[in-house]
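Accompanying notes for the structure given below.
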Amino acid sequence: MRCLLVGAATDRLLRRRTRSPGTTGWRRNKLTFARFLIIQKVRGMEYLRTSRITTARRFLVYTRIHPTLRLLATVFPIFAVLGISGCATTNGMRGGPPAIAEGMGRLVLETAGIDAINYYVIDEETDEEVYSQSPRLPGSSPLGYERGGRSEPQWVDLPPGTYTVVAETDVDDIVEKKNIRVTMGETQHITVPVGRFQLIYFDQSGTRRQVPFLIYDQEGRTVLGRGMTSTELRYFIMPEGEYKVRIESAASERDEIRPVQIGFGRTQQITIGSPEVEEDPGEGRREDW
């Protein structure tokens, strides 16, 4: 729209200022302001082989006559470039977290792809909890499943000082990161050494079921936590290490134990049972010809 308005103003100014015999030819071969900007970029106009070359040269001569045209031809491309750059910068800022609050520093939790964890922050000077976030339900809850939607790591802005970050898991063990110093205006990235696993259970009919299970230590002697499988996508957050999971179903007379290896940035999938397989209706039949 701006190009059309500027082009119309340019045409009116040219009609007033032009007093040469070529005016009639100019009216027959009008150039819009947008075309003029493109022609300016082609130095010497060696790429234009049509009769528009003469018209373009006349247009360039006329722009030297009137200072308004000269200003438009110089300033408009600059504002166009700045506008495009500004839009790109604004769109880039929308995708990330906001700026650090004044007088604060920022802690960013790095969990290697885990959408969210439950954690809290303790001020080591006062030994008080200053921040907490619990977006996940306990592993034993029958309502828990992965909701997704998070595209950036968890973070929190805190006053300058020294803190301890405590990450909760789906077992009794927690993960602590101590002596974390927050500096005003700076971002501190904290690696939380946790991993995750998924447990899928199919009953004897091949139907995916929701059943409780136990989480043991590596030797299988101590119960560390409890969980509940899901018919939806669901992960269980654990500290790095080796564990065992056990599903005991009295109804199906099954007692299944599986080893679990948890590593940072790794996801282990465990499947107990097999899904229902539909039989081919034509299998075992004989057609008479």
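Condition first: outside any strand (DSSP E or B), β-branched (Val, Ile, Thr), open to solvent by 30 Å² or more (accessible area, probe 1.4 Å) and under 23 Å from Val166 (Cβ atoms). Can you find one or more residues in the stretch 231-246 that meet it? No, because not a single residue in the stretch 231-246 is outside any strand (DSSP E or B), β-branched (Val, Ile, Thr), open to solvent by 30 Å² or more (accessible area, probe 1.4 Å) and under 23 Å from Val166 (Cβ atoms). Those residues that are open to solvent by 20 Å² or more (accessible area, probe 1.4 Å) and either among the acidic types (Asp, Glu) or outside any loop (DSSP other than H, G, I, E, B) (or both), I need them from the stretch 168-186; list them, please. Matches in the stretch 168-186: Glu168, Asp170, Asp172, Asp173, Glu176, Lys177, Lys178, Asn179, Arg181, Glu186. For the condition over 19 Å from Pro275 (Cα atoms), in contact (Cβ under 8 Å) with a residue 12 or more places away in the chain and not in a loop (DSSP other than H, G, I, E, B), Gly227 qualifies.
The values are calculated or read from the model by the stated rules, or taken from the named source; none is laboratory data. The structure presented is a predicted model; accordingly, all values stated were derived computationally and were not measured. All Cβ positions, even for glycine, are placed from backbone atoms using ideal geometry, and neighbour counts span all protein chains on display. Surface accessibility is based on the protein's heavy atoms, side chains included, excluding ligands, DNA and RNA. Shrake-Rupley method; radii C 1.70, N 1.55, O 1.52, S 1.80 Å.
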